[in-house]
Amino acid sequence: MDHPRRKLTRKKSISYAKWGYIFIAPFFITYLFFTLIPQFLTVYNSFFESYRVGLKQIGPTFVGFRNYADLFSPDSSGTVLILKYAWNTLVIWFIGALPQFVVALLLAVLFTSTRLNIRGQGFFKTVIYMPNLIMAAAFSMLFFTLFSRVGPIQALLEQWGVVDQSFDFFSYKVTVRGMIALMNFLMWFGNTTIVLMAGIMGIDQTLFEAAKIDGANSVQVFFRVTMPLLMPIFVYCLITAMIGGVQMFDVPQILTKGSGQPNETARTLVMYLNGYLTNKNYGMAGAISVIIFIITGVLGGFVYKMLSAQYKTDKTPHRRARG
């Protein structure tokens, strides 16, 4: 027979694990219905021919890998369109990502430097992060207005004699790609700076002091102390930026009015995908989605393995010390 006090204690006990599962359940339920199941349906639809002609629905008819074969088949001009658009996407992303990480690293080091002790850091952090709060659609419309034939940039350059009235920013591959890359840089370098600053601030400050006592200059401290310890955060920022770059859509879509002009050199993979979704061709759209997923996974895995190789080997000094 149980003691009365023991029964009272048993009734008052709370299962914290149960409440933990209850609180995290909404995320997993939402992820299941709005992410995981649609992903499987996308792969499933990629093996079917399903499109609409007017009001008539064609399919769905199982065609196996024919959608994938059609994507990698050259058109009448001998161009494999998906490879062309993949190259456009990677070039535009790289042009914007390279200065993004260079400037973000520089600002992160300057703002976290105890020697410089820059005042008003809160103000500067707010200013550099503000472009990230602006919608990409609004940013694209702003640039379209500024660089149009009747925009202020065109008028100013004509007044200075740099260009004439026949010049059009949207007629040249270099200028269109440059504008898209510039917008991506302006929108995301602030976010990258904040994340890298948090990573640097998490490094033990005694390591920097020891390096300075040993006579290391600022460049040596950055490459020998800061970057090796910041590498996990840097890899995270690079991979997430790469994922966003492969899925680039809104900025080039609005800036070029969906045409990817000139000569479709600014058309990205997701713009290509959106064209099939507009035509209700879910089979080809699913195949493109799967290819984008594979490209993202391969590039992300390659970057992670290349930059994190030093943390995966047993030859590193800290692992040898552990025995």
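Each value in this text was obtained by applying a stated rule to the coordinates, not by laboratory testing. What you see is a predicted model, and the numbers here were worked out from it, not measured in a lab. Please note: Cβ atoms are built from the backbone with ideal geometry, for glycine as well, and neighbour counts cover all protein chains shown.
In this Cβ point-charge picture (+1 for Lys and Arg, -1 for Asp and Glu), region 167-237 has a dipole of about 240 debye about its Cα centre. Rounded to 0.05, the FRET efficiency of the residue 219 and residue 174 pair, given R0 = 35 Å and the Cβ-Cβ distance, is 0.60. Screening the chain for DSSP H helices whose Cα atoms reach 30 Å or more along their own axis and whose mean Kyte hydropathy is at least 0.0 gives 81-111, 173-201, 282-307.
One decimal place: the segment residue 132-residue 37 gains 31.2 nm when fully extended, by the rule 0.36 nm per residue minus the C-alpha distance.
Distance distribution P(r), region 83-308, all Cα-Cα pairs, bin width 10 angstrom from 0: 7, 27, 29, 21, 13, 3, 0 percent. Peptide packing for 115-123, 50-58 was compared via the average number of neighbouring C-beta atoms within 10 Å per residue; ordered from the highest value, the list is 50-58, 115-123. Taking a straight Cα-Cα cut-off under 19 Å and skipping sequence neighbours fewer than 8 places away in the same chain, the aspartates and glutamates within cross-link reach of residue 305 are 314.
For the chain, a crude dipole built from +1 on the beta carbon of Lys and Arg and -1 on the beta carbon of Asp and Glu, taken about the Cα centre, is about 1800 debye to the nearest 20. Across region 96-130, the residues whose backbone nitrogen lies under 16 Å from the label position 7 Å along the beta-carbon direction of residue 306 are 96-99, 101-102. Note on residue 257: aspartates and glutamates with a C-alpha under 20 Å away, same-chain residues under 8 apart excluded, are 168. The relative contact order of region 79-180, computed from alpha carbon pairs under 8 Å that lie at least 6 residues apart in sequence, is 22 percent. Note on region 74-225: with charges restricted to the Cβ of Lys and Arg (+1) and Asp and Glu (-1), its dipole about the Cα centre is near 200 debye.
Each of 131, 170, 302 was placed along the dipole of region 83-308 (beta-carbon charges, centred on the mean Cα), and the one lying farthest toward the positive end is 302.
Find out how many positive minus negative residues lie around residue 49, taking Lys and Arg as positive, Asp and Glu as negative, among other residues whose Cβ is under 15 Å from that of residue 49.
Computed value for this residue: +3.
The gain in end-to-end length when the residue 125 to residue 70 segment is fully stretched comes to 15.0 nm, 0.36 nm per residue minus the alpha carbon separation.
In terms of distances greater than 29 angstrom between alpha carbons, the cross-link table entries 125/212; 84/280; 18/125 yield 18/125.
If a spin label sat at a point 7 angstrom from the Cα of residue 77 along the line to its beta carbon, the backbone N atoms of region 261-280 nearer than 13 Å would be those of 261-267. Between residue 58 and 51, 52, 53, the built amide H atoms are under 5 Å apart, and every one of these is 5 or more places off in sequence or on another chain.
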